[in-house]
1. Pull up segment 83-107, narrow it to residues that are in a helix (DSSP H, G or I) and under 15 Å from the mean Cα position of the chain (by Cα), then point me to the one that is surrounded by the most Cβ atoms within 10 Å (Cβ to Cβ).
2. In segment 37-70, which residues are within 17 Å of Leu126 (Cα to Cα), at pLDDT below 90 and not aliphatic (A, V, I, L, M)?
3. What number of residues in segment 84-121 are over 20 Å from Thr14 (Cα atoms) and charged (D, E, K, R)?
4. Can you give me the number of residues within segment 108-120 that are crowded, with 17+ Cβ neighbours inside 10 Å and part of a loop (DSSP other than H, G, I, E, B)?
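The values are calculated or read from the model by the stated rules, or taken from the named source; none is laboratory data. These numbers come from a predicted model, not from an experiment. Here the Cβ positions follow ideal geometry from the backbone for every residue, glycine too, while neighbour counts run over all protein chains shown.
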Amino acid sequence: MTNKHIPQDVQAMTVLVVDDDKCALEELQDIVDLEGWNAIIADSVDMALEVLEWYPFIGVVVTDVHFVDPSGDSSTGIQLISRAEARFPDRDLNFIVLSGDPSAVKSSEQIGAVAFLSKPLDADLLVEAIKAGAGVGIGVPNCDPSDQKLLKRVQYVTQELHKTHVREAGGVA
């Protein structure tokens, strides 16, 4: 999947991956990591919005359509897009929506997603969609080492939060 002719700025991008399914989240994170990009994970719409607040340079968000939050409430990737665009109107956020439900295509397009990919997921199609959607998130190739430490810390914190949510939900994401 990795192409040596990809510009350095695309190789250094950070992608927010949002899914309430632990296995799917890990698979998506692995796909992003294998491309040499930075993956930050979130397991809920609220956590994704927090991560977007912390990282103004994220430009690509890969999100599932259907979520069941640890509290039992349900939310959607469509709500994430709507809330993120309202909360960060000056950001160039590009959303890639994933779903096994073909009826979600139309609402994804209407809300402004740059791509809709069906599940089960084709990793190569995801990589191409991320490259095509790479907006502001590609602007960090020469960031300060302290920024890299912060990135690693936030990745650790979001992964620990995800684990806590899974435990609180009785081991079911």
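1. It comes out as Ala84.
2. Within segment 37-70, Gly59, Asp64 qualify.
3. Total satisfying the criteria: 4.
4. 2
Here's the yes/no breakdown for (1) crowded, with 23+ Cβ neighbours inside 10 Å; (2) touching a Phe, Trp or Tyr at 6+ places or on another chain (Cβ under 8 Å):
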{"residue": "Ile31", "(1), (2)": "no, no"}
{"residue": "Trp37", "(1), (2)": "no, no"}
{"residue": "Trp54", "(1), (2)": "no, no"}
{"residue": "Ile58", "(1), (2)": "yes, no"}
{"residue": "Val61", "(1), (2)": "yes, yes"}
{"residue": "Thr76", "(1), (2)": "no, yes"}
